[in-house]
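S.K.: I am attaching a structure below and will ask some questions about it afterwards.
Throughout, read-outs are computed from the coordinates displayed, never taken from laboratory work. Small disclaimer: the values here were computed from a predicted structure and weren't measured. Here the Cβ positions follow ideal geometry from the backbone for every residue, glycine too, while neighbour counts run over all protein chains shown.
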Amino acid sequence: MNSDLEELYQEVILDHSRRPRNFGELPDAGVRVHGDNPSCGDEIHLAVKFGADGAVEDIRFTGQGCAISQASASLMTMKLKGKSRAEATLLLRAFQDLVTSDVAAAPPSLGDLRLLRGVRKFPQRVKCAILSWRAFEQALQTPSGEAAISTEADS
Amino acid sequence: MHKSALIDWEKIRADFPILDQQVRDQPLIYFDNAATTQKPRAVIETLRNYYEHDNANVHRGLHELSSRATEAYERSRQRVAEFIGAESEEEIVFTRGTTESINLVAQAWGGKFLRPGNVVLLTEMEHHSNLVPWQLIAEKTGAELRFVPVRDDGTLALEKLSSLLTKEVKMFAFTHISNSLGTINPVTELCARARAIGALTLVDLAQSIGHIPVNVRELGCDLAAFSGHKMAGPTGIGVLYGRREILEAIPPWQGGGEMITSVTLQKTTFKRSPHRFEAGTPDIAGAIGLAAAIDYLERIGRADIFQHDSRLTSYAMERLTEIPSLRLLGPPAPRGALVGFVMAAAHPHDLTTFADQRGLALRGGHHCNQPLMRRFGLPGTTRASFYFYNTLEEIDRMVEILRDAVHFFA
């Protein structure tokens, strides 16, 4: 087995893709974002309940997609739950840097999400890793109700 | 024994220099032929020879090189006409590919002839290139789109045809071979049915032209489209075939040089088809390269290519069923030289990434068939598509790699 592949599909990532955490409906969510990766057909429905102070009180997702998109969404929801708006925003930026730029060291605050660094060697797969985060970014900008995002810009 | 068994396919494979390479330290296995095929040395050398000796613009220069380029370009048109059984080379329009050919018909023919209430009949299995151009013109003209459904086994629901093919239908546009299911549609029958109610037919030959014998007059279609690059030719060149009287009735599409007879500041008169549809400098080298690809394919023979491709496809279908939790899509043989499948253990994108690390080029995703994927409730599939230079050993290797993938992901 070659090392790039093992770096991409580490055991933790495969585990989260097989048994995604926080997977399911969130009936009292204030914001719902439908995320679409048209180049692959990956889909995510992200539901977020923000507290009165703007913190992420609860966050769950449903959808279907490849191991990378599922694991990224699963790890993301675990990381974001309970975070303040400011903390969540910092994590969002840190994750985007992690998978797109050549930063030397990933911030420890990302925890297991750092395992997704392997996608940098697979440029076609970066969108898979980033899909759920783009959905969360949209959730931060949506006061309430539903919204949709796509990894490809619509005209 | 069929003649294809006597052909030295190994020697033919050696005509394709690109196949002799390692990808990620493993021998390349190229199974993405439905997306684009590889090019034999004969085609590559024809392109090089043209640029090294004859390159000039066509139909204008009164010098030696321009004459050579023009002659070679027009000879290629003649060659295409023979290859597909057209009545004359005037029925052959060079385009950038299948997509552009269909857009030309949708925009120029549809723009002139479609009215509110008219219907363009398509099928649920069309590639986006034979769907989106029709959506655009339907919106502009008020015409309506209808679709022949696809059955669970991947064939067209022909029993629905009578109720769909009503007198409002002005155009029936459909694919010869499905690029994700491999279904070979009964083109002759479909064209006859459309003709009986006075509708025109346009056949998308992209997946069939390089793989099986195709004769447009035997098929009985009015229009047909294909790309050079899916039949061992260069990218950037394609063909729109149209029966003479139909092309003559279609107004110009793009304006510019090459397609005019006289121009004043206020008014222009246009050449007859096919030149009327070829504004600007065409892909001269591409057309000449396409003719070289035709020469190459005809030396082997498409009937033998189909025999060989079919052997690969049947063998792949048989071997793939050995893999637990793998489900094949599409009808049984005879079918196009491709197999689409889904595996419970792994998503198509994980599978193709995994395969790529072993030097195996597969395609994963919706294959520009989003409505069809939705029809089958799938986010996408993995596809292995073959051409005559592929081997049974490569299929064995694919099965081995897919088995490893099951262990890796499950």
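S.K.: Give the average over all directions of the projected area of the C-alpha convex hull of the protein assembly as shown, one decimal, in nm².
M.R.: Working: hull surface 121.2 nm².
Answer in nm², one decimal: 30.3.
S.K.: Here's another thing I want to ask about it. What number, in percent, do you get for the relative contact order of chain A if the mean sequence gap of Cα pairs under 8 Å and at least 6 apart is divided by its residue count? Please list the in-between numbers first.
M.R.: Working: 285 pairs, mean separation 48.4, N = 155.
So the answer I get is 31 percent.
S.K.: Just the projected area, averaged over all directions, of the convex hull on the alpha carbon atoms of the range B:211-251: how many nm²?
M.R.: Details: hull surface 14.4 nm².
With every direction weighted equally, the projected area is 3.6 nm².
S.K.: Run down the aspartates and glutamates and flag those whose C-alpha is under 17 Å from the C-alpha of A:Lys83, throwing out any fewer than 8 positions away in its chain.
M.R.: Once the sequence-local aspartates and glutamates are set aside, what remains near A:Lys83 is A:Asp53, A:Glu57, A:Asp58, A:Asp112, A:Glu137.
S.K.: Right, next: Compute the FRET efficiency between A:Gln96 and A:Glu25 as 1/(1 + (r/R0)^6), taking r as their Cβ-Cβ distance and R0 = 30 Å, and round to the nearest 0.05.
M.R.: With R0 = 30 Å, the Cβ-Cβ based efficiency is 0.65.
S.K.: Using the membrane-span-like helix rule (whole DSSP H runs, Cα extent along the own axis of at least 18 Å, mean Kyte-Doolittle hydropathy at least 0.5), which helices of chain B qualify?
M.R.: Details: long enough: B:64-84 (30 Å, -0.91); B:284-300 (25 Å, 1.24); B:302-320 (26 Å, -0.73); B:392-409 (26 Å, 0.26).
Span-like helices here: B:284-300.
S.K.: Now, a different point. Count the lysine pairs in the range B:11-167 that are 8 or more places apart or on different chains: how many have C-alpha atoms under 26 angstrom apart?
M.R.: On the way: B:Lys11/B:Lys39; B:Lys112/B:Lys140; B:Lys112/B:Lys167; B:Lys140/B:Lys167.
Value for the range B:11-167: 4.
S.K.: With the Cα gyration tensor of the range B:180-224 in hand, give its eigenvalues times 5 under a square root as the equivalent ellipsoid semi-axes, listed largest first in whole angstrom. All intermediate terms of the calculation are to be shown ahead of the outcome.
M.R.: Working: eigenvalues 73, 25, 15 Å².
For the range B:180-224, the ellipsoid semi-axes come out as 19, 11, 9 Å.
S.K.: Right, here's the next one. Need one number: nm distance between label points at B:Glu218 and B:Glu144, each 7 Å from Cα along Cα→Cβ, rounded to one decimal.
M.R.: 3.7 nm
S.K.: Treating the range A:3-153 as a set of equal point scatterers at the Cα positions, no solvent, please give the Debye-formula log₁₀ I(q)/I(0) at q = 0.09, 0.12, 0.14, 0.17 Å⁻¹.
M.R.: Summing over Cα pairs of the range A:3-153 leads to -0.24, -0.44, -0.60, -0.90.
S.K.: Tell me, how many Å apart are the Cα centres for the range B:331-409 and for the range B:208-253?
M.R.: If we compute the Cα centre of each part, the gap is 29 Å.
S.K.: Still on this model: With labels modelled as points extended 7 Å from the Cα through the Cβ direction, what inter-label distance (nm, one decimal) is found for B:Val132 paired with A:Glu146?
M.R.: 2.5 nm
S.K.: Counting other Cβ atoms within 10 Å, which GluC sites (Glu not before Pro) in the range B:27-98 have at most 13 and lie in a DSSP loop? Please list the in-between numbers first.
M.R.: Details: sites: B:Glu45, B:Glu52, B:Glu64, B:Glu71, B:Glu74, B:Glu82, B:Glu87, B:Glu89, B:Glu90, B:Glu91; in loops: B:Glu87.
Of the GluC sites (Glu not before Pro), the ones in loops of the range B:27-98 whose Cβ has at most 13 other Cβ atoms within 10 Å are B:Glu87.
S.K.: Now for a different question. Could you pull the Rg and Dmax for the range B:44-299, using just the Cα atoms, both in Å?
M.R.: When restricted to the Cα atoms of the range B:44-299, Rg and Dmax are 18.6, 60 Å.
S.K.: Taking the Cα centre of each part, how many Å lie between the range A:25-75 and the range A:122-152?
M.R.: 9 Å
S.K.: Within the range A:33-98, list the trypsin sites (Lys or Arg not before Pro) lying in a DSSP loop whose Cβ has at most 14 other Cβ atoms in a 10 Å radius. List each step's numbers first, then the result.
M.R.: Working: sites: A:Lys49, A:Arg60, A:Lys79, A:Lys81, A:Lys83, A:Arg85, A:Arg93; in loops: A:Lys81, A:Lys83.
Those that pass, being in a loop and sparsely packed, number zero.
S.K.: Which ³J(HN,Hα) values, rounded to whole Hz and listed in residue order, are derived for the range A:61-69 from phi using the Karplus coefficients 6.51, -1.76 and 1.60 in 6.51 cos²θ - 1.76 cosθ + 1.60 with θ = phi - 60°, glycine and proline given as x?
M.R.: With the stated coefficients, the range A:61-69 comes to 8, 10, x, 9, x, 6, 4, 5, 5 Hz.
S.K.: 222 nm [θ] for the protein assembly as shown, helices only, -39500 (n - 2.57) per DSSP H run of 4+, per residue, to 500?
M.R.: On the way: 20 runs with 208 residues, N = 565.
Helix contribution divided over all residues of the protein assembly as shown: -11000 deg cm²/dmol.
S.K.: Provide a whole-number value for the mean count of partner chain Cβ atoms within 10 Å of the Cβ atoms in peptide B:365-374.
M.R.: Details: counts 5, 4, 0, 0, 0, 2, 0, 0, 1, 1.
Mean number of neighbouring Cβ atoms from other chains: 1.
S.K.: If you don't mind, there's one more thing I want to ask. Are there GluC sites (Glu not before Pro) in the range B:117-191 that DSSP puts in a loop and that have at most 10 other Cβ atoms within 10 Å, and which ones? Mind dumping the intermediate values first?
M.R.: Numbers: sites: B:Glu124, B:Glu126, B:Glu139, B:Glu144, B:Glu159, B:Glu168, B:Glu189; in loops: B:Glu124, B:Glu126, B:Glu168.
Listed in order of number, the matching sites amount to none.
S.K.: Two decimals is fine: what's Rg over Rh for the range B:91-153, C-alpha atoms, Kirkwood radius as Rh? Don't skip to the end; give the middle numbers.
M.R.: Working: Rg = 12.5 Å, Rh = 12.4 Å.
When Rh is taken as the Kirkwood radius, the ratio is 1.01.
S.K.: Another question about this same structure. Give the average, rounded to an integer, of partner chain Cβ atoms located within 10 angstrom of each Cβ in B:349-360.
M.R.: Details: counts 14, 12, 2, 2, 12, 5, 0, 3, 8, 3, 0, 0.
Other-chain Cβ atoms within 10 Å of each residue's Cβ, averaged: 5.
S.K.: While we're on this one: Hey, how many Å between the Cα centroid of the range B:132-196 and the Cα centroid of the range B:24-87?
M.R.: 32 Å
S.K.: Assigning unit charges at the beta carbon (Lys, Arg +1; Asp, Glu -1) and nothing else, what dipole magnitude in debye, to the nearest 20, does chain B show about its Cα centre?
M.R.: Values: 44 positive and 48 negative charges, 205 e Å.
For chain B, the charge dipole is close to 980 debye.
S.K.: Here's something else I'd like to know. With the crude spin-label approximation of a point 7 Å out along Cα→Cβ, what separation in nm comes out for B:Arg375 versus B:His407?
M.R.: Taking the two extended label points, one gets 3.8 nm.
S.K.: Now for a separate question. Show me, for the range B:12-25, the HN-Hα J-couplings you get by feeding each phi into the Karplus relation (A = 6.51, B = -1.76, C = 1.60, θ = phi - 60°), rounded to Hz, glycine and proline as x.
M.R.: 5, 4, 5, 6, 10, x, 5, 6, 8, 7, 9, 10, 6, 6
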